[in-house]
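Below is one structure, written out as structure tokens; comments come after it.
The values are calculated or read from the model by the stated rules, or taken from the named source; none is laboratory data. Because the structure is predicted, anything quoted here is derived from the model rather than measured. Here Cβ is always computed from backbone atoms with ideal geometry, including for glycine, and neighbour counts include all displayed protein chains.
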Amino acid sequence: MINLTVELGKRSYPIMIGSGVLKQPGVLDEYIARRDTLIVTNEKLEPMYLQPLERLIKSPRIASLVLPDGEATKTMDTLALVYDALAENRFGRDCVLIALGGGVIGDICGLASASWHRGVDFIQIPTTLLAQVDSSVGGKTAVNHSGGKNLIGAFHQPICVLSDTETLTTLPDRELSAGFAEVVKYGLIADPELFGWLEQEHAVILNRSSVHLQHIVRRSCEIKAKVVAVDEREKGQRALLNLGHTFGHAIERCAGYGEWLHGEAIAAGMCMAAEFSKRLGRIDAADVERIRQLLTKLNLPVDPPQIEPAEFIDAMSQDKKVIAGQIRLVLLDSIGSAAVVTDYSEHHLAELLSDQFVH
């Protein structure tokens, strides 16, 4: 088992990564500490993982809540179901919640734990690649609003993250590929060697090599843990983790939540960011082509769906990363280096969108 730590002083927590770690007796004992436990999962994962997890937990009371699957369910109404389950079971401030699932479950369960009795402990057990490499680490929790993606949320760190790469063997191909988008992002902003390795090993990775998947999860978590440790609440360096996300979140909103998977939207969004970086003279056309080719090899989209430019810019302007009306973009200086940029011309952005959305 690979053990990493997110260094946040008294709130530091471990990330445990390995194949079959979810089957290890006692792996959660010190984090549950015989407390009342609510497991939150979804209808697809319940038959595969809920009962085995319940058998691992030593707790006076274990309750479970099975939610519908999909990004479209990441709403205040679904969040209320978690509060209802906690209230019905009379779980108090000393309870612990477990998020068993992908990014949607992690976000909903995390936000509920951040606000129930003004904050209770929770554990992340991510079962998708995207959640294992990204959303389960760092403490961002949120639900969507009609006005935009993840607009209602809180920073609330888990007390541990348990990533069993064996769960990735049952992941549909489309969801596996969606997770690779965030891995490519780490290479683009911080690790050109990781990007090059993905270019060389993409075929073996898509065949779900256990060794390769563990390396991907470990390296991604190392990069994100380091960033979170120095900028937990996204006041500076952590904003770089949003490469492609301002464009990608607008794609998700305009296309309809759930029509495009998050990773798919981020892949197309990173290509838009790369193209804009090229137009501003920050990178060259060869870099843009390398990015598009790698994402294509990983079965990810490189172009956005057809959306009216005015609708798209409106969606971007409601992104939570907008400050004082200024859309902040993460742009590339090279493969392996990025920066948060605000001093671009709105005319140049409008030109980019007009060219991207040719009807």
Legend entry - Residue list for the range 164-181, filter: assigned to a helix (DSSP H, G or I), touching a residue at least 60 places away in the same chain (Cβ under 8 Å) and farther than 20 Å from Ile283 by Cβ: Thr165, Glu166, Thr167, Thr170, Asp173, Arg174, Glu175, Ser177, Ala178, Gly179, Phe180
Inset, instruction - Output the number of the condition that Asn299 fails; it satisfies all remaining conditions of (1) out of contact with any Ser or Thr (no Cβ under 6 Å at 6 or more places or on another chain); (2) assigned to a loop (DSSP other than H, G, I, E, B). - result: (1)
Inset, instruction - Might you check whether a residue that is farther than 25 Å from Ile108 by Cα, surrounded by 23 or more Cβ atoms within 10 Å (Cβ to Cβ) and small (Gly, Ala, Ser) occurs anywhere in the range 175-188? - result: yes
Legend entry - Condition met for Ala315 (touching a helix residue (DSSP H, G or I) at 6+ places or on another chain (Cβ under 8 Å), surrounded by 18 or more Cβ atoms within 10 Å (Cβ to Cβ) and among the aliphatic types (A, V, I, L, M)): yes
Inset, instruction - Please specify each residue of the range 294-321 satisfying the condition of being more than 21 Å from Asn150 (Cα to Cα) and in contact (Cβ under 8 Å) with a residue 60 or more places away in the chain. - result: Leu294, Leu295, Lys297, Leu298, Asn299, Leu300
Inset, instruction - Check Glu201 against each of (1) more than 18 Å from Gln124 (Cβ to Cβ); (2) touching a Cys at 6+ places or on another chain (Cβ under 9 Å) and name the one condition it does not meet. - result: (2)
Inset, instruction - May I ask you to say which residue of Val40, Val21 is over 23 Å from Asp94 (Cβ atoms) and buried (at least 17 other Cβ atoms within 10 Å of the Cβ)? - result: Val21
Inset, instruction - Restricting attention to the range 125-163, report how many residues are touching a Phe, Trp or Tyr at 6+ places or on another chain (Cβ under 8 Å), farther than 18 Å from Asn242 by Cβ and in a helix (DSSP H, G or I). - result: 1
Inset, instruction - Kindly establish whether Leu4 is farther than 17 Å from Ala99 by Cβ and either in contact with a helix residue (DSSP H, G or I) (Cβ under 6 Å, 6 or more places away or on another chain) or assigned by TED's automatic domain parsing to the domain that holds Gln214 (or both). - result: yes
Inset, instruction - Starting from the range 94-110, take each residue that is assigned by TED's automatic domain parsing to the domain that holds Asp84 and list its partners that are among the β-branched types (Val, Ile, Thr) and in a loop (DSSP other than H, G, I, E, B), counting only C-beta distances under 7 angstrom and pairs at least six apart or across chains. - result: Cys95/Val120; Val96/Val120; Leu97/Val120; Leu100/Thr127; Gly101/Thr127; Gly102/Thr127; Gly102/Thr128; Gly103/Thr128
Inset, instruction - Please work out which residue is modelled with the lowest pLDDT, limiting yourself to the range 22-48 and to residues that are under 23 Å from Val217 (Cα atoms) and within 21 Å of the chain's Cα centre (by Cα). - result: Leu22
